[in-house]
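As structure tokens, the structure follows; a few thoughts come after it.
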Amino acid sequence: MYDKLTKEPVRSASIVHYDSVVTKTNYAGFFQVKSNPGDTILITHNNYGAQSLVTPSKTDFQIGLEILKEKLEFEEGLGNFYKHFGKSIRYPAQPLRANITTKIFVEFKIDSLGRSNLVRVYNDPDKSFSQDLPKIFKSLKGSWSKKYVDKTFILPIIYRIQGRSQNENALPETVQADIILEDIVVTALGSNK
């Protein structure tokens, strides 16, 4: 793992796999994690934010990170924000059986107490991809910095089925957001019809 600008190794980045931190990058920016091709891992670092990555089939690959222009301030840490969603989101059964993939965009606003409040979801083909989101937002621990009060965030969530082509929807042009967060990728194994 390296800094895209300086090409220097990124040390002490946390690697999250299956809802728990499994390792950190070493002094040379390397990490090792047991995962299968198509699994999603999350990389978090205070200076670089969070980035999700679908594990490629090759075992030796490089990841370039960019320093955040403005470090997002979430009380419990941005890694815990992503971990909460990664642990809570599941691929809906009916779309999985029908081999439906999608990319939804979750719009939420920050209230005066710094809490995340779900506003709406874009590109959900049958509403099943977003049905658990109100409960997930309600159970989110932590709050955003007061400087984000009344700001609109977009959280993209990609639903993929391993071995299938992906339907990559775009955020509607009419949507105005102050901050667009890193994608969360939910990968399911193909269904047995």
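The values are calculated or read from the model by the stated rules, or taken from the named source; none is laboratory data. It should be emphasised that the depicted structure is a prediction, and the values quoted were computed from it without experimental measurement. Neighbour counts are summed over all protein chains in view; Cβ atoms, including those assigned to glycine, are modelled from backbone coordinates with ideal geometry.
Observations on the structure shown:
- Residue in the range 166-175 that is in contact (Cβ under 8 Å) with a residue 12 or more places away in the chain, crowded, with 17+ Cβ neighbours inside 10 Å and aliphatic (A, V, I, L, M) present: no
- All of Ile100, Ile63, Ile136, Ile110 fail the test of being of a type outside the set (Ser, Thr, Tyr) and in contact with a strand residue (DSSP E or B) (Cβ under 6 Å, 6 or more places away or on another chain), apart from Ile110.
- Taken over the range 142-175, residues that are of a type in the set (S, T, N, Q), out of contact with any strand residue (DSSP E or B) (no Cβ under 7 Å at 6 or more places or on another chain) and over 12 Å from Arg115 (Cα atoms) amount to 2.
- Yes/no for Phe129 being at pLDDT 90 or above, part of a strand (DSSP E or B), within 16 Å of the chain's Cα centre (by Cα) and under 24 Å from Ile41 (Cα atoms): no
- Residue within the range 149-166 that is in a loop (DSSP other than H, G, I, E, B), under 17 Å from the mean Cα position of the chain (by Cα) and not basic (Lys, Arg) present: yes
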